[in-house]
1. Can you give the calculated 222 nm mean residue ellipticity of the chain, where each DSSP H run of n ≥ 4 adds -39,500 (n - 2.57) and the sum is split over every residue, rounded to the nearest 500 deg cm²/dmol?
2. Measuring from label point to label point, each 7 Å out along Cα→Cβ, what is the H10 to R24 span in nm?
3. If you plug each phi of segment 307-318 into the Karplus form 6.51 cos²θ - 1.76 cosθ + 1.60 with θ = phi - 60°, what whole-Hz ³J(HN,Hα) values come out, in order, with x for Gly and Pro?
4. Give me, ordered by chain and number, the residues 5 or more places off L232 or on other chains with an amide H under 5 Å from its own placed amide H.
5. Excluding ligands, DNA and RNA, what is the solvent-accessible area per residue of segment 253-399 at a probe of 1.4 Å, expressed in Å²?
6. When only the heavy atoms of the protein chains count and the probe is 1.4 Å, how do K396, K19 rank by accessible area, highest first?
7. What translational D, rounded to a whole number of µm²/s, comes out for segment 249-399 from Stokes-Einstein when the hydrodynamic radius is the Kirkwood one over Cα pairs, at 4 °C and 1.567 mPa s?
8. How many percent of the accessible area of the chain is carbon or sulfur, using a 1.4 Å probe?
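The values are calculated or read from the model by the stated rules, or taken from the named source; none is laboratory data. Computed from a prediction, not measured in an experiment: that's the story for all the values here. All Cβ positions, even for glycine, are placed from backbone atoms using ideal geometry, and neighbour counts span all protein chains on display. When the accessible area is computed, the model is the full protein with side chains, heavy atoms only, and any ligands, DNA or RNA have been set aside. Shrake-Rupley method; radii C 1.70, N 1.55, O 1.52, S 1.80 Å.
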Amino acid sequence: MKFTPVKVVHVYYVPKGKKIAVGRLALKAPQIFFEYDSNFLKMDIHLSPFKLPLKSGLIPSTDSTFDGLFGVFNDSLPDGWGRLLLDRALTKHHLNPRSLSPLDRLCFVGSQGMGALTYEPETANSNTVLNNSLDKIAKEISEFQKNNNDHYVEDLLQLGGSSSGARPKVLINIKNKHWLIKFPSSFDPRDVSAIEYAYYLMAKDSGLDLPNAKIFPSRKKNGFFGCQRFDLTDLERIHMHTISGLLHADHRIPTIDYEMMLKAAMHITHNIQNCRALYRQSVFNVISHNRDDHAKNFSFLMDETGKWKVSPAYDLTFSSGPGGEHCSTVMGEGQNPGKKHLLELAKTSNIKKSEALQIIDEVKSSVIKWPQLAKKTGVSKSSSKLIDSTIKRIIKENF
């Protein structure tokens, strides 16, 4: 693995195979600066309307949330699993991960990140992965986690190093379709994939907008949950911006409320339907006990004309959150949000009470189908019982 620290990184927007210069990032320690390309300014496309407005000249980053990096570019960087892989790969080659600046890390992402932004100079990957067997990938992940075995680290980095989140995952093309496939971590229950797929079916029944998803079979009893990427098709790459990057909200600590999300959605999309979509997702997260609802688990997509919309929902599963609370509060309530908080949220977001009540009833009617969906997807009896009792308690106490 070759690595040379950089001081300047060129940023490109690649929506449909057309490489458009956005500008350049420069590091003058301890501060990061950005300057838009003059031709990009003329296009009047706002890649990050809140924190990186279109204007000429050097723009200094005055926010330390992402080590001084602008949020729109931080969205390209891996965290959790992806960051672990990169740090281990660097260590394997006798390089200190702490010596990397955010600009250095963007060069490792290069053209392999989520969304439509790419970065140069791109650090060359040291390996080409020839094996696409999911069972073998799962075995390599297990070896890597359980035995501290770095033999496979560069294979795994090549497959999934640009994806976010704590669970092991890979970005892979199967039969000309682009998938993100998750694998159990050493801390997950054995039926974690079945649980997430049951939640996917439950969310779909609740009326949420979702990407295509399925369980990929394994030689073992439990398969692997995968969803189709909505930021990438055979024809185009789609610019993606998380709430975390958009608002400079650190996803690692509870810093955001659903009210902020819905207001941001209205501001960036100018469409109440997008607010309703996010509201429905908030209702689902509350009733289904999905408390890992941090700021990186909500995103917006921008088309090549600069028009924004809320992305399909993702990372929906049973989770307890930090200290048993939601990562994102509902009108200030994180421990035990309920109907009154959701109705207050609707009111502040210009969603009619009748519409809010209808959404709550629709989601509740779908979530109570959990036992049937759990059985259908192969969730263990113990997991199914635990989740069912939790959902029933939430509905009884708060709805």
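1. Values: 14 runs with 149 residues, N = 399.
Per the formula, -11000 deg cm²/dmol.
2. Between H10 and R24, the label points sit 0.9 nm apart.
3. Those phi angles translate into 8, 9, 8, 5, 6, x, 6, 8, 6, 9, 6, 5 Hz.
4. Answer set, sorted by chain and number: I238.
5. Working: 6690 Å² over 147 residues.
Ligands and nucleic acids excluded, the figure is 46 Å² per residue.
6. Working: K396 180, K19 110 Å².
Most to least solvent-accessible, the answer reads K396, K19.
7. In µm²/s, the coefficient is 81.
8. Details: 9330 of 18590 Å².
Ligands and nucleic acids excluded, carbon and sulfur give 50 percent.
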